[in-house]
Amino acid sequence: MNHIKVLLFATLRDRAGTKSLEMEIPDRATVQGLKDQIGRDYPNLKEAMGTVLISINREYAFDEAIVPQNAEVAMFPPVSGG
Amino acid sequence: MNHIKVLLFATLRDRAGTKSLEMEIPDRATVQGLKDQIGRDYPNLKEAMGTVLISINREYAFDEAIVPQNAEVAMFPPVSGG
Amino acid sequence: MQPSNFPTFFSITESELDLNDLLAKITLPSTGAAAIFAGMVRGETSRWRRGRHPAQAKRGEAHETAFLEYEAYVPMAEAKMKQVAEEIRERWPSIEGIAIVQRIGKLYPQTPTVLIACTAAHRDTGVFDAARYGIDRLKEIVPIWKKEVGPNGEFWVEGEYIPKPGE
Amino acid sequence: MQPSNFPTFFSITESELDLNDLLAKITLPSTGAAAIFAGMVRGETSRWRRGRHPAQAKRGEAHETAFLEYEAYVPMAEAKMKQVAEEIRERWPSIEGIAIVQRIGKLYPQTPTVLIACTAAHRDTGVFDAARYGIDRLKEIVPIWKKEVGPNGEFWVEGEYIPKPGE
C-alpha cells in the first residue's frame, strides 16, 4: 500500500470540512482510482470528483497517471486567482 | 504691427542662446512669414527654420496659418519625451 | 538561455503590493520600458457583465462585493509562476525582467491583488503582450482561489480553465 | 460623454514618480484592471539597436548614458496630455481612469521618467492597447525634449514625428 497525503483547497476543503486527508491507496493506483476511492470514502466529495483538478508533487496530474510512493497530492477546483 | 513672444525650446533655444524672442511682425503675417523673418533676423536659427515645429497659443500651427494678435508662439524640434 | 542577470521575481504574499519596489527589482541598466498589469478587487460589478456566480446571475442587476478572500497552494503556485515566467521568456526573448506577485488573504475593493510586470530595452519588443500573457496564464494554471463576500453571502469564484498534460 | 467620475490625471513633475499613488488615483469601485506603461532611463543601449544620434551611430558599438535632461513646454504639454487622454476615451470607451505623468529634469539610468496608466472594469476591454496608444501618442505630440549626456558628450534626442493639422 501507498500512504499519501491529499491537500484540499477552496470548495474541496469546504465540502470535506478539513484541509487534508491521509490515505492508504493500492500501489500503482491511478489518479482515477484515487478519485474513485475518495468518492466512496468521503460522500461529501463524491460529486466534486467529476470536475476536480489533481496535482501530484505540485504538477497537474491526469486520470491515467500512477500515484507515486509518498506523493503530495492536492485536489482543487479550476483556479481563480488574479 | 503685431507684437508677439516666441518661446524657444531644446535645440532652438541652444542655437539662439535665449529662451524667447520678442518680435514685431506684420498684421496678418503667416507662420511661413514669421519663419522667414526669424531666418533673416537670427542667422543662427536660419537653418532650423526648415524643420522646426511651431505652436500658436499651445496648438500646433502650420505654414499658411495667420499669427493672431498677441499670440504665444513657440518653436521647437520634433518632440522626444517619454 | 537568457543571461543569468535577467531577474525573475515571483511571490505570494499577504503584504500590500508595492509597484515602485517591484519595478525597481526588474529594472536593469539596459532597461527602457516596462508594462505592468495590476488587478484590483472590484467593489461594484455592472449589470452588463454576466455574473460569474450562478447564484447571482440575475440579468440586469449589478452586484456588490464587500471583500474577496484569496488562498493559494503556495509551493505549487510558486512553481507555476516560475513556469509562466519561463513561457514568457520563450515567447518574447527580448524581455529582461519579469515579476509576478499575487496577494492573498482578505482584500477589499480598490486594493491591488495581483501584479505582472515585464521589462525590456524598448517598448516595441513585446512588453505589453508579455504582461497580458502573464495575467492570462496566471488565471489559468496558478493554483489560487478566491471567495467573494457580499450582501448576498459568500461565493467561491470558480475558474473555467482545465490544464492540459504538460502544463 | 463619459461619466464625470471617470478620473483623468496628468502631470509634468520634477518629483519622483509614485506608481502606487498614481494607480490609486485612477482606481474606482468599479475598477478591476489596470495596464501601466513605465519608461526608464537606459544606462546602456546595446549595439543591435541603431543609434538615434547621428554622431553616435557607429554600428556595432554599444553606448552609455550618464543621464538624460528633460525639459517641457509645460502648459502646452499639459494640454496635449489632456488631448491624448481624450483620444484614448474615444477609442476605448470602457476605459475608466487615465493617468499620464512625465518627469522632467536630470534623470539617471534606471529611473522611471514617464507613466501611462489606464484602468477598466476588466482586462479584456482594451487597457493594454490604451496604455500603448498613450505612450506612442505622448512621444508624438506632447512637447517634451531630452538631451542625453554620456562619455561622448551631449546630444539632443531628436524626435521624428511631424504633427498634422488638427493634432
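None of the figures in this text is laboratory data; all of them are computed from the coordinates on show. Note that the structure is predicted; figures quoted are calculated from it, not measured. Quick reminder, even Gly has a Cβ in these numbers, built from the backbone with ideal geometry, and neighbours come from all protein chains shown.
See the values below:
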{"item": "Which numbered condition A:TYR60 misses (of (1) over 23 Å from C:VAL142 (Cβ atoms); (2) free of Cβ contacts under 8 Å to residues at least 60 places away in the same chain)", "result": "(1)"}
{"item": "In region C:97-154, the residues that are among the hydroxyl-bearing types (Ser, Thr, Tyr) and under 18 Å from D:ALA120 (Cα atoms)", "result": "C:TYR108, C:THR111, C:THR113, C:TYR133"}
{"item": "Checking C:ARG137 against (1) within 14 Å of chain A (Cβ to nearest Cβ); (2) part of a helix (DSSP H, G or I); (3) within 16 Å of C:SER11 (Cβ to Cβ); (4) in contact (Cβ under 8 Å) with a residue 40 or more places away in the chain, the condition it does not meet", "result": "(3)"}
{"item": "Some residue of region A:28-36 being assigned to a strand (DSSP E or B), away from every other protein chain (no Cβ under 13 Å) and surrounded by 16 or more Cβ atoms within 10 Å (Cβ to Cβ)", "result": "yes"}
{"item": "Checking D:PRO93 against (1) touching a residue at least 24 places away in the same chain (Cβ under 8 Å); (2) part of a helix (DSSP H, G or I); (3) of a type outside the set (A, V, I, L, M), the condition it does not meet", "result": "(2)"}
{"item": "Which listed residue is under 12 Å from the mean Cα position of the chain (by Cα) and either more than 30 Å from D:THR113 (Cα to Cα) or more than 11 Å from chain D (Cβ to nearest Cβ) (or both), from B:ALA16, B:ALA61, B:ALA74", "result": "B:ALA16"}
{"item": "Selection within region D:126-154 - surrounded by fewer than 19 Cβ atoms within 10 Å (Cβ to Cβ) and more than 18 Å from D:VAL84 (Cα to Cα)", "result": "D:LYS147, D:VAL149, D:GLY150, D:PRO151, D:ASN152, D:GLY153, D:GLU154"}
{"item": "Verdict on C:GLN102 being touching a helix residue (DSSP H, G or I) at 6+ places or on another chain (Cβ under 9 Å) and either surrounded by fewer than 19 Cβ atoms within 10 Å (Cβ to Cβ) or assigned to a loop (DSSP other than H, G, I, E, B) (or both)", "result": "no"}
{"item": "Residues that are away from chain D (no Cβ under 14 Å), assigned to a helix (DSSP H, G or I) and surrounded by 19 or more Cβ atoms within 10 Å (Cβ to Cβ), drawn from region B:40-58", "result": "B:LEU45, B:MET49"}
